[in-house]
1. Ranked from highest to lowest mean number of other Cβ atoms within 10 Å per residue, what is the order of the peptides 291-301, 217-227?
2. Please sort 155-162, 57-64 by packing, taking for each peptide the average over its residues of neighbouring beta carbons within 10 angstrom, highest first.
3. Could you tell me which helices of the chain pass both thresholds, a Cα extent of 20 Å or more along their own axis and a mean Kyte-Doolittle hydropathy of at least -1.0, with helices taken as whole DSSP H runs?
4. Round to a whole angstrom and tell me the spacing of the C-alpha centers of the range 21-80 and the range 85-139.
5. Roughly how many debye, to the nearest 20, is the charge dipole of the range 23-209 about its Cα centre, given +1 on each Lys and Arg Cβ, -1 on each Asp and Glu Cβ, and no other charges?
6. Order these peptides, 206-212, 315-321, by their mean beta-carbon neighbour count within 10 angstrom, highest first.
7. Any chance you could run the full-extension gain for Ala370 through Val230? It's 0.36 nm times the residue separation minus the Cα-Cα distance, nm to one decimal.
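Values quoted throughout were computed directly from the atomic coordinates according to the rules given, and no laboratory measurement underlies them. Since the model is a prediction, treat every value here as computed from it, not as a measurement. All Cβ positions, even for glycine, are placed from backbone atoms using ideal geometry, and neighbour counts span all protein chains on display.
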Amino acid sequence: MAERWTTARQAIVRRRRPPASARSRYALDAVNFFLAGLTGIGAPFLSDLLRDAGWTYGSIGMAVAMPGVAVGLLQAFAGFYLDRARHARVILAAASVAVGACYALLPSLVHGAHFGVYATLFGSGLGQALFGPLLAGLALGLVGHAHINRTAGANQAFCSLGDVAAALVALLIIQRGIEGVFYLVGVFATLAAASALLIKDQELDRDRAAGGTEKPVPFRVLLRDWRVLVLMASAMLFHTAYASAFPFVVLRARQAGGSDTTVAEMIFVTQGFMVPVASVTGPLLGALGRKPVLGFGLVSLAVYLLTCVFVQSPGALVGVQALGSVGPGVLAVALVVICADLTRGTGHFQALIGTTRTAMVAGGVAGTFATGFVVGRLGYWIAIGALAWIAAASALLFLVAMPETRPATAPRS
């Protein structure tokens, strides 16, 4: 009897343990950590670098937009390519080094022709377009559908932790000159590339990274699945509200008497609270199901934005960012897991990740432009209130129209 009990317990442990080795899983966590630093350091300080070099605000705006334009144009196509590509580790390492090199070159380019800076930043965006689909594909290729929820949660937690760590290091380095921040991006890129190559290639299942190929269908057939359309629309509406609101919430904090320290505290609170949010979201997606967990995250954004309408003091706005971190943290994890559910066996996992993220980028860009117009004409309160309604529409659409996607045989703990 004791022998039978031991055998049963060992079987349960094997089922719960991801198929990949600890080295590969920790290496993937490290990649997420360093890539967050890579993309999170350069962008916030880019405007300062260009302004110090004598650029006009119009030129700065165009330069800052270049990486986002490249990501928006390429990300969906990158997903299609990566579903069929081999050597994902090498592609990720090369993309990381290329993006790092682009940012490290900027201090030597800003005093020359503007075109060189535009081209370099656009090139960095082409590399960044690979990151989202690649990281999701590596996670699924390593651990499979049974463990993707926990792995995606851990990856996102390390991503947010990387944002916080990179910002702290950047604040120390910037005292010796802003150029050092961009050289630091090159260091983070090198570390991300090295971490990617530590993932054991033999543990990566290429078919599994694409979602499996047991029942392949053309991607246009997948887009006729109303669950896919609901997910994409909900994610786009959510990102329209969130990406558009945060810059103006920061502006409101400044107008209420906040300083640069207040802005830094808002960013640190947002990213810092995303770490525990992402950590618990992964297990909860398995235990409670995808729909209630993501639905809660979407609703939390509407509550956060409504709170921002009524909060007055800079200190209170800093505290409210803890609530604002819930929705993005939950969505980042749930998007990977639900896309894995919807594309299981079709061979289009990374393509759907890339396409959905492209829709989110488009929503964020359009929303930011429209919000700036509304703030200028009607004021902050009307603009943030309107974004709260958009966030509520995202949650309502998802909760009403989206069925549960967790397989009936999925582990619930």
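1. Numbers: 291-301: 21.9, 217-227: 13.1.
Ranked by mean Cβ neighbours within 10 Å, highest first: 291-301, 217-227.
2. Put in order of decreasing packing, that is 155-162, 57-64.
3. On the way: long enough: 2-16 (21 Å, -1.18); 22-52 (45 Å, 0.48); 57-82 (37 Å, 1.40); 88-109 (31 Å, 1.73); 114-128 (21 Å, 0.54); 148-173 (37 Å, 1.14); 179-198 (30 Å, 1.76); 226-255 (44 Å, 0.96); 260-287 (41 Å, 1.05); 290-310 (31 Å, 1.53); 326-342 (23 Å, 2.29); 349-378 (42 Å, 0.99); 380-401 (31 Å, 2.08).
The answer, listed by residue number, is 22-52, 57-82, 88-109, 114-128, 148-173, 179-198, 226-255, 260-287, 290-310, 326-342, 349-378, 380-401.
4. 8 Å
5. On the way: 11 positive and 10 negative charges, 72 e Å.
My answer is approximately 340 debye.
6. Highest to lowest by the protection proxy: 206-212, 315-321.
7. Details: separation 140, 0.36 × 140 = 50.40 nm, distance 2.31 nm.
Stretched fully, the Ala370-Val230 segment lengthens by 48.1 nm.
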